[in-house]
1. Roughly how many Å² of Asp245 are accessible to a 1.4 Å probe, to the nearest 10?
2. In Å and on Cα atoms, what radius of gyration and Dmax does the chain show?
3. Kindly report the accessible area of the chain per residue (heavy atoms of protein chains, probe 1.4 Å, no ligands, DNA or RNA), in Å².
4. Could you order Ser90, Ser494, Ser401 so the one with the most accessible surface comes first? Probe is 1.4 Å.
5. Which one, Phe382, Ala127, Ile250, is farthest towards the positive end of the dipole of the chain when Lys and Arg carry +1 and Asp and Glu -1 on their Cβ?
6. Assuming a ≥ b ≥ c are the square roots of the Cα gyration tensor eigenvalues, decide whether segment 66-159 counts as rounded (a/c under 1.5), prolate (otherwise, with a/b larger than b/c) or oblate.
7. Whenever you get a sec, line up Phe174, Phe382 from highest to lowest accessible area (probe 1.4 Å, protein heavy atoms).
8. Leaving out ligands, DNA and RNA, and with a 1.4 Å probe, what % of the accessible surface on the chain is carbon or sulfur?
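The values are calculated or read from the model by the stated rules, or taken from the named source; none is laboratory data. None of these values were measured; they are calculated from a predicted model. Cβ placement follows ideal geometry from the backbone for every residue including glycine, while neighbour counts extend to all protein chains displayed. Ligands, DNA and RNA are stripped out before the accessible areas are found, and what is left, the full protein with its side chains, is counted by its heavy atoms. Shrake-Rupley method; radii C 1.70, N 1.55, O 1.52, S 1.80 Å.
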Amino acid sequence: MIVGIDLGTTNSLISIWHDGQAVLMPNALGDLFTPSVVGLGDSGELLVGRAARDRLITHPERTTAWFKRHMGTGRVVQLNGRSYRPEELSAFVLRALKADAEEFLGQAVHRAVITVPAYFRDAQRKATLVAGELAGLRVERLLNEPTAGALAYGLQQGVDQTTALVFDLGGGTFDVSVLEFFEGVVEVRASAGDGFLGGEDFTEALLRDFLNKTGLKSDELKRDTAIWNRLRKTIDHARCRLSEDEAVQIRFPINESELAAELHREDLALLWEPLLKRLRYPVEQALRDARIRPSELDEIVLIGGATRMSLVRDLVARMFGRFPAFSIPPDEAVALGAAVQGGLLSEDRALRETVLTDVAPYSLGIEVTHRTAAFGSEAGLFDPIIERNTVIPASRSGFYSTVQDGQRHIDIKVYQGESRFVRDNTFLGKISVRVPPGPAGSETIEVRFTYDPSGILDIDARVLSTGVPYRRTIQENPGVLGPEEVEKRLKALSHLKVHPRDQAQNAATLARANRMFEESLGERRREIGDLLAHFQTCLQAQDPELIERARNEMDVRLTDLEEEPYF
Ligand code: AMP
């Protein structure tokens, strides 16, 4: 049994292929979406999901979110005096999802397909594998999110050839893939994207506009993380409402007063113009790389929560002169597709006829020096070995010779990117190969790159004259933990106390009430304070029935209060 996991920037979901269909599994709160937010509770226990998301407002120094954006970098976050890497934070989310799936399925879960943006680089992919390992999961495959989205649409099931473009705008990343389907074969023709463009950037633009209108200074506000997070959330909420409504009122209580501004949908086009423009480039590049004209596309598939924004949908409709497919909720499609891939890998009979091929999102190559009679030598050039959009798994070699007399080593410096100059590409790592000294050009090495189906690179080098092989999986990247470090982190994490799953609902309700208390003023705040005090008393009485009744009553009242026009 292999579960599918959409490890998202904002929310994560877990799914399974069961009885010939993909099924999403609920978490301890009964939700299909688990916010990708991690925090430490008041007694140091680990909280994941909705409770942690509410505590971003009330306990920002003990809570963190959006760490997917930092996967594959060495960047750490401090929580209560200890530092955590992005892959550890992701592992906490994965562990929570795994526990939810085990509860739902009634059996242990050890194997998973995890989705990643097609544009994730080598280090980000490896960090995702490490996150899986830290969570006790064997990652059977990393699946590109747009490919997962297309699998969810079942486009592979048609008999006729279908060409589709998947437009995936999530919380933090933007991916475009052009795929071809024919009698069960899914072929990714090209992918392109922008790793730093998502719903959050649209929120950011609205936030700047709100600050301008109200005269608030972001530097001062940012000093109080709780206020800053609360403001971001208010603006994000307003943005989502603008997907449905023509105008929204934003009201923000601060220092016993209230700031207000009105936002109209028609203002958004101007405000978001630079972001909407950035959505065009990857679409154009993917079509160019796939050598396909927009009129040749049979389907345009929208996935990722941020494609709910009406301006984004309008833009897509204008670009392609038709309306995109929208029958599966765009924020569920990736997880459903991951379940399909899980079924494929478990060789489920219903899927046996489907074959999936994907492509390398970047070119991979090494640094070379060119010598020409006319211009002398030019160093620092990039020589691609596997070109972008090559179907993977793929294995390709290049041959390189010594350039100096008596040279004893050839350093193979591996890069990822598209520029002619290595300085503009991403350095992945280095291998030093010993060669017998001789005149320049007398020794040749073969460098073979192998890209596995998850997009992970292996390198083999061989000196032709001696046949001596060198082999490595690129690991020197500071953004990726080595095996020993993973072992150490696993030990450290095993001491961390996890908040008990059976109390997840109490924790979520408490966190929500505390968050709403901080967001409110006057009578509303007093009422929430009273509700909290009553609930705390019930919790202390330790009578499960009493607690459940009090919690349900409080949840109903909090929902009513949230729906009242306050912000
Ligand atoms: P994903 O990474 O696919 O979960 O997408 C999350 C992003 O979708 C976040 O930036 C959300 O704010 C955004 N989103 C979710 N629902 C809506 C909505 N109704 N309107 C606009 N954006 C939304």
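1. Its accessible surface works out to 60 Å², give or take rounding.
2. Expressed in Å, the Cα Rg and Dmax of the chain come to 25.9, 88.
3. 45
4. Ser494, Ser401, Ser90
5. Most positive-ward Cα: Phe382.
6. Details: a/c = 2.57, a/b = 1.38, b/c = 1.86.
Oblate, because a/c is 1.5 or more while a/b does not exceed b/c.
7. Working: Phe174 0, Phe382 20 Å².
Output order, biggest surface exposure first: Phe382, Phe174.
8. Details: 12110 of 25320 Å².
Summing carbon and sulfur atoms, their accessible area is 48 percent of the total for the chain.
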